[in-house]
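Structure record follows, encoded as structure tokens.
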Amino acid sequence: MKFSFSFDIFDSPVAIGGRNLGMLCALLLTSPIVACSQDTPRDTLPASCQEKAVEEAPARLLTRSEYRRTTQDLLGTTLDATLGFPVEPMVGGFNNDQDSHQANPLLVEKHAAGAELLVKDLMTRGISSLYACDPSFSEKACALALVQDFGLRAFRRPLADREVSLFVRLYDQASPTLGNEEALAAVVEAMLQSPQFLYRVEAPISTTKDGRVLLGPYEMASRLSYFLWGTLPDDELFLAAKENRLSETSDIESQARRLLADEKSRARVDEFHQLWLGLDRLDSLSRDGLSRESAGALKESTLMFLRDIFWNNGAKIAEVFSSPSLFINPSLSEFYAQDVSLEGWQKIDQPETRSGLLTQPGILTMLSNGAQSSPIQRGVFVREGILCETVAPPPPSVNNNPPDPAPGLTTRERFLEHTAEPACASCHRLIDPMGFGFEAYDHLGRYRTKENELPIDTSGAIVSVKETKIEGPFSDAVELGQRLSQSDTVFTCLTKKWFTFAMGRPYSQNDSCSTDGAIQQGFARGGDMQEMLVALATSPAFRTRAAHESDTEAKK
């Protein structure tokens, strides 16, 4: 059935064809999207941070994973409506960059299709599964209650009066033709396509003298829930926002710890690890001797290794780079533990040949070529992904294709010849010494002592890094892992990666106050990654944004 209605104040008709309300987004953009916050006192930021600038926080479009989790939690469904959504652009290794992840015609079309699909699924269960109205209420009163209750959760804040009127008017114009249930469904579908749902908009509660905008309680609730869960706030966070219990540092810390203790945080931490390490490459990886089943198992094995440390073994950064553990299932046993009989997943220790993340088979396989190891990829990964140092790209005139395998040479010997020319040497002297330390592992991450019947040289070195205590030669990747496990730079780099993921923008020197505090809190607990996340959630950058012309000065 197709139904047309118009909002007089906009003088723009919107057609419902299968409740397709794509045009409504443009209309709702003109409605108020500020939070219903009160101007209340807050604790002050640390004195050492007072002079640091903070960045602006534009409206952030939900990513595919955030949209999926949010709609599932909002509607009580297991349906994934993001199939076919376009892939987000990657910036700095992450897919939620606030400047690059923007709406485009295809995404708008998919949002409309997704909303229609979700509402069709809802109607199979009945609107009452979403909102059970008081039997004594009239249909109009129930519609108003649904707009206010569902709208609060969908927009992550109470609706402004004008927004309530807008959606009630939609119900009034739709119900005579579609009936009560279909009209309510039209309201839900319209909300799922509105910018207030699709974007996380952060309105100010006040502006401090140094130009900071302190976020209101509902905005703070959303920042916390999307940082640690990747979805909308739960009832407890909404109640805390309503009662203005997200203003003090202790309030935010308490909620951050609660969210981390919830099972929902596990999927979000997995998502960070997949993006940080680029593990999704394993989904379509082609390597000699690697089946699709084994590639998927390698990805899961790497995530299980990180989960075990993060959730079961103290969340210490040292363990990430020193643990001898592997997680093996039957499809991996023949590669990495031939003498182990397995059913399902099993944790095994190989202290002589494995030391943490860098020696995980999934990482080593991903950082290889089709039929040979790749010292360059592995060295670059340590430099950029683990130490946060920039490696310059090769000059355009240089052939950067890996050398062909040769039966009379080891991979190390081939790559030494390949990168010896002067145009390459300046960069490769920083990369190769670390990369060659992984030569005990072939293109599938299998441990070896010989290649082409020739003995393998596993020696390497960390050279020209800012942290001099970790510099120097090492005998193999196991020793490299042990050294990195004691590195301050590694923990600092990981903190900056988490900051980028949390804020949806690259780290800058203006953010040093926030990350320094998180690093110090993590160090104080022995390199505890969970403590670092709690500290990020209470940091100045997380709790504030830069003021702009549209912000109103706080009352003095």
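A few remarks follow.
- Among the trypsin sites (Lys or Arg not before Pro) in region 202-299, those placed in a DSSP loop whose Cβ has at most 16 other Cβ atoms within 10 Å are Lys209.
- Think of each Lys and Arg Cβ as +1 and each Asp and Glu Cβ as -1; about the Cα centre, that makes the dipole of region 296-403 roughly 280 debye.
- Cα convex hull of region 181-277, projected area averaged across orientations, nm²: 8.9 nm²
- Sorted from longest to shortest, the spans of the Cα atoms of region 477-534 along the three principal axes equal 34, 22, 17 Å.
- Full-extension gain in nm, Ser284 to Glu253, via 0.36 nm per residue minus C-alpha separation: 7.2 nm
- Loop trypsin sites (Lys or Arg not before Pro), region 450-551, which have at most 13 other Cβ atoms in a 10 Å radius of their Cβ (DSSP): Lys466
- A protection proxy built from the mean count of other Cβ atoms within 10 Å ranks the segments 308-320, 64-76, 382-394, most packed first, as 64-76, 308-320, 382-394.
- Fully extending the segment from Gln486 to Glu389 would add 33.2 nm, taking 0.36 nm per residue of separation and subtracting the current Cα-Cα distance.
- Candidates per GluC sites (Glu not before Pro) in region 449-556, loop by DSSP, up to 11 other Cβ within 10 Å: Glu453, Glu549, Glu553
- Spin-label model, Ala132/Arg429: points 7 Å from Cα along the beta carbon direction are separated by 7.4 nm.
- Near Asp528: Cβ cut-off under 11 Å, other residues only, Lys/Arg at +1 and Asp/Glu at -1. The net charge is 0.
- Backbone N within region 345-388 under 20 Å of label point (7 Å from Ser475 Cα along the Cβ vector): 350-360
- Counting 0.36 nm for each residue step from Asn312 to Ser165 and taking away their Cα separation leaves a gain of 47.9 nm.
- Counting only aspartates and glutamates at least 8 places from Lys316 when in the same chain, those with an alpha carbon closer than 12 Å to its own are Asp308, Asp528, Glu531.
- For region 430-446 and region 450-495, distance of Cα centres in Å: 11 Å
Every read-out reported here was derived from the displayed coordinates using simple, explicitly stated rules and does not represent laboratory data. From a predicted model like this one, the values you see are computed outputs, not experimental measurements. When we count neighbours, we look across all protein chains shown, and the Cβ atoms used for this are built from the backbone with ideal geometry, even at glycine.
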